[in-house]
Structures are given as C-alpha cells and as structure tokens.
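Reviewing the structure listed below.
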Amino acid sequence: MTIRIGANPIGWSNDDMTELGGHISLEQCLSEAQAAGFVGMELGNKFPREASALKQVLSAHGQVLVSGWYSSELLVRSVPEELANLRSHLDLLKACGSNVLVFAETSNAIHGDIDKPLSQRPVMADEDWAEFGRKITEVADATLAEGVRLVYHHHMGTIVQSAKDIDAFMACTGPSVHLLLDAGHATWGGADPADLARRYRNRISHVHSKDVRKDVMAKAAVEDLSFLKAVIAGVYTVPGDGMIDFVSVLKELPGYSGWVIVEAEQYSDKISALEFAKLGYSNLSRYLREAGLIESPA
C-alpha cells in the first residue's frame, strides 16, 4: 500500500480567477510546495504543457506529476469527439507517469461564472443519466486501456454536485469509472464524505482533501452566492482549518493506495500560500496516521 501526499497549485494561483494569485510564479509555487513537504503536483494554468519541460520543472523541485483537470463536454459531444479532444491531455499525463485522469463534465456547468448563483446550477433529468453514464464509461474504458484511470470529480455548480447526483452517477457508470472523492465539494454539496467513502471505497482512486468553513458555506446559501463569490469569501481552506472530520473520512478507505491531495482554492492575495500549504500538509499527514493509512515516523 502506497499513499503519497500532493498538492494542487490552485492553493497558490486560482485557475478560475487568474487574478487571484496571478503574481505568484510557478517557481514560487513549486518551491513552497517542496518546502511544505509535498512530493507531487496537479496541473495548473502556469505549467508547461510539453512533457519534457513539465517533467524538468517538476523534478527540479522534488515533484512528480499527479494528474490534471480535464473539462469534458459529453452532454454535447460524441464519445469519439471527446476522445479526440482529450488526446493531447491524456498523452501529457501518460508521458509524465500519471495514472489517473481528473475528469468533470462542464458543458453546462456554472462554477466559472461569478455572476450566476449556485441555485441556478444544472440538474440532470432522471431519464438522461443512463446515456451519460454509457458515454462516460466508454471514455473510461478507453483511457484505462492506455493505463490511465478516469476519476470523476463531483463539483459544485455542475450536474454531479449532491449526494443524489453522485449516487446516480455511480449507478449509471461501469467499473472502469472511479470517483475522485473531494471532501470539500461533498460537504458543501450536502453529502457526507465519510458516507461516500464507505459506500464507494472500491471505486475511489483519488482524494482531494479541501476543508470547508461552515460560516462561509452558510453565508453562501443565505445570500445565494455564485461558486466564485463564495470562494473569494473563503468557503474553502486546507484540512484542519474548517468543519470536516478528515480522520472519519479516511478511516473509511482501508487499503487505499494512491494520491491524497491538498486542494484548497486561493481566495485572497492577502494570505500566505506557503503557510496554508504547511498547515495543510501537517494536518493531512497527521490525519492519515490517525486513520491508520500511513505509519508514524520512527
């Protein structure tokens, strides 16, 4: 069993609002990730997209490539069209040794629209899940045949947000499709991440461990905020700085092997990304030990 702790660069520079953390260089991000203890990074908008250059800049800071987000549009594309669009991204992951593909349907998503409240997020009709699941499974079969597991990222502002959505998604997809368990998105979406971990543990191949600030989540609901406005208000933070009991979640993943990622959005240029990275790494390491997933240092 091998568990490695990585980070997402969104903790330094926000991908959906590039002005947040826009002044932080890739060099600073990777240097601080290494200083905090991380050994792997997911992709962000400042990373080179050519394999040799990407591997070089990562290895210079003691990192390897974990994976990278891919925006699917299977609700409007055919499977061959999606696979053609995915090709260059999948090739980059493969060339850099990644074995998971972070995948999310975004053709009708609203999480990138700062003016659209989450109450207006898309909802899938019951009769449409089967066809969507068939197409996702075809894509997942194809990527797995090349050694890369599709892990689906349930996400606020998308068609897979709530516990009901996640259950419907898991029921309509085949065994090649696995779940990216994101504790922060699950909690904000109204699901219990520990319950999701317990029910789907055999199909969870990637974990994001962002935390949620309960007061900001409540504010977002009362004021009907958009996803991005809630992010700016600080709804997400690193493990241990919010409301989630990560030990209970991680205890539901006995035998888990793979990456556990600190992925908490940069929400203000006034915060220290390094201090949050150190806090997230320290807390997550402790939670993994307490859950029995990694051994305590001698």
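The values are calculated or read from the model by the stated rules, or taken from the named source; none is laboratory data. Since we're looking at a predicted model, the values are computed, not measured. Here the Cβ is made from the backbone with ideal geometry for all residues, glycine too, and neighbour counts use every protein chain on show. We work out accessible area using only protein heavy atoms, side chains counted, and drop any ligands, DNA or RNA first. Shrake-Rupley method; radii C 1.70, N 1.55, O 1.52, S 1.80 Å.
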Q. Any idea which of (1) in a loop (DSSP other than H, G, I, E, B); (2) open to solvent by less than 20 Å² (accessible area, probe 1.4 Å); (3) β-branched (Val, Ile, Thr) is the one ILE10 doesn't satisfy?
A. (1)
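Say whether the condition of being of a type in the set (Gly, Ala, Ser), open to solvent by 20 Å² or more (accessible area, probe 1.4 Å) and free of Cβ contacts under 8 Å to residues at least 12 places away in the same chain is met by at least one residue in the stretch 193-210. Write out each step before concluding.
Here is the first cut: in the stretch 193-210, the ones of a type in the set (Gly, Ala, Ser) are 194, 197, 205, 209.
Imposing the further condition that a residue be open to solvent by 20 Å² or more (accessible area, probe 1.4 Å) reduces the set to 205.
Those still in the list that are free of Cβ contacts under 8 Å to residues at least 12 places away in the same chain too: none.
No, the stretch 193-210 contains no residue that is of a type in the set (Gly, Ala, Ser), open to solvent by 20 Å² or more (accessible area, probe 1.4 Å) and free of Cβ contacts under 8 Å to residues at least 12 places away in the same chain.
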Q) Going through the stretch 97-110 one residue at a time, which ones are under 23 Å from ARG149 (Cα atoms) and either outside any loop (DSSP other than H, G, I, E, B) or open to solvent by 40 Å² or more (accessible area, probe 1.4 Å) (or both)? A) GLY97, ASN99, VAL100, LEU101, VAL102, PHE103, ALA104, GLU105, SER107
Q: Kindly list the number of the only condition in (1) under 29 Å from ASP113 (Cβ atoms); (2) acidic (Asp, Glu); (3) open to solvent by 40 Å² or more (accessible area, probe 1.4 Å) that fails for GLU27.
A: (1)
Q.
Pull out all pairs, ordered by first then second residue, where Cβ-Cβ is under 8 Å, the residues are six or more apart or on different chains, the first lies in the stretch 131-148 and is of a type in the set (Val, Ile, Thr), and the second is open to solvent by 20 Å² or more (accessible area, probe 1.4 Å) and not in a helix (DSSP H, G or I).
A. THR143/ARG149; VAL148/ASN99
Q: Search the stretch 14-39 for residues being among the aliphatic types (A, V, I, L, M) and not in a helix (DSSP H, G or I), and hand back the single one that is modelled with the highest pLDDT.
A: VAL39
Q: Might you let me know whether the stretch 41-59 holds any residue that is among the polar types (S, T, N, Q), out of contact with any Ser or Thr (no Cβ under 7 Å at 6 or more places or on another chain), closer than 27 Å to VAL139 by Cα and open to solvent by 40 Å² or more (accessible area, probe 1.4 Å)?
A: yes
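Those residues that are of a type outside the set (A, V, I, L, M), open to solvent by 40 Å² or more (accessible area, probe 1.4 Å) and part of a loop (DSSP other than H, G, I, E, B), I need them from the stretch 268-298; list them, please. Give the derivation first.
Our first condition is that a residue be of a type outside the set (A, V, I, L, M); within the stretch 268-298, this holds for 268-270, 272, 275-276, 278, 280-283, 285-287, 289-290, 292, 295-297.
Next, from what is left, pick out any that are open to solvent by 40 Å² or more (accessible area, probe 1.4 Å): 269-270, 272, 275-276, 278, 281-282, 286, 289-290, 292, 295-297.
Of everything in the stretch 268-298, those that are of a type outside the set (A, V, I, L, M), open to solvent by 40 Å² or more (accessible area, probe 1.4 Å) and part of a loop (DSSP other than H, G, I, E, B) turn out to be ASP269, LYS270, SER272, GLY292, GLU295, SER296, PRO297.
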Q. Of all residues in the stretch 265-292, which are among the hydrophobic types (A, V, I, L, M, F, W, C), more than 18 Å from GLN34 (Cβ to Cβ) and within 20 Å of the chain's Cα centre (by Cα)?
A. LEU288
**Q.** Those helices (runs of 4 or more DSSP H) lying entirely in the stretch 111-230 with at least 3 residues farther than 18 Å from ALA264 by Cα
**A.** 129-145, 163-172, 193-200, 214-222
Q. Within the set of pairs 6+ apart or on separate chains, which have a first residue in the stretch 270-298 that is closer than 14 Å to VAL207 by Cβ, a second that is part of a helix (DSSP H, G or I) and open to solvent by 60 Å² or more (accessible area, probe 1.4 Å), and C-beta atoms under 7 Å apart?
A. ALA291/LYS251
**Q.** Residue match in the stretch 167-179 (condition: within 17 Å of the chain's Cα centre (by Cα) and open to solvent by 40 Å² or more (accessible area, probe 1.4 Å))
**A.** no
Q. Somewhere in the stretch 252-262, is a residue among the aromatic types (Phe, Trp, Tyr), farther than 16 Å from GLY184 by Cα and either open to solvent by 70 Å² or more (accessible area, probe 1.4 Å) or in a loop (DSSP other than H, G, I, E, B) (or both)?
A. yes
